[in-house]
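Just so it is clear, none of the values below were taken in a lab; they were calculated from the coordinates. The model shown is predicted, which means the values in this text are computed figures rather than measured ones. Positions of Cβ are generated from backbone atoms using ideal geometry, with glycine treated the same way; all protein chains shown enter the neighbour counts.
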Amino acid sequence: MKRIALMVIVVSTLILVTACGSSTPAATQVPILQPDAGEAPAQSTVTEALSTGTEVIITLDDNTIESSLTTFQVGVPYTFVITNKGSHSHNFNIAQPVSVTGGLNAALKTALLAVPKSQLGGGAEVTVQYTFPDTAASTQLELSCLIQRHYDDGMKLAITVTN
Ligand SMILES: [Cu+2]
């Protein structure tokens, strides 16, 4: 009888230990949830920024470039929606004219924004957010496809950035 009583004590102690053990992970779930809760506002901030940014429709074709806006303001977030309606790949850049940089590669290297042709195959659509810095207001800029023949064919569009 004493042994059974002892067993009961041992078993009930084990249950208590198990109960305590299971309450510990429950307590750690609170800090686990906190980072999740912290990520949610970060995501909604991105969504808000995308919806509040001024939308700019860029249409690329073989071999032309069009934009719904050619005058931009420093410090204003713009959402560039770039669609390639052509069948060839194009790239999209906000860069200085090749006539200013002295060459196509120099224009690419100093581009303020560059979307590579790997992302802009025929029929592709890419959305990029960009805000012009103060220095852009004093820089001669254009929207362009910096592929030699395309650029020469006219895939360049002068833009004005104001303070
Ligand atoms: Cu092109």
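Packing here is the average count of other Cβ atoms within 10 Å per residue, and on that basis the peptides 98-104, 53-59, highest first, run 53-59, 98-104.
In a shell of Cβ-Cβ distance under 13 Å around Q148, excluding Q148 itself, what net charge do Lys and Arg (+1) and Asp and Glu (-1) give? Result for the local shell: +1. Our estimate of slack between K85 and V126, defined as 0.36 nm per intervening residue step minus the Cα-Cα distance, is 13.6 nm.
Each Lys or Arg adds one and each Asp or Glu subtracts one; over the other residues with Cβ under 12 Å from the Cβ of D61, this totals -2. Would you mind telling me the antiparallel percentage of the DSSP bridges in region 54-162, rounded to 5? DSSP beta bridges in region 54-162 are roughly 70 percent antiparallel. Annotation for region 125-139 versus region 78-124: alpha-carbon center distance of 13 Å. Simple spin-label estimate for S118 and V76 gives 3.3 nm between the two label positions (7 Å along the Cα-to-Cβ direction from each Cα).
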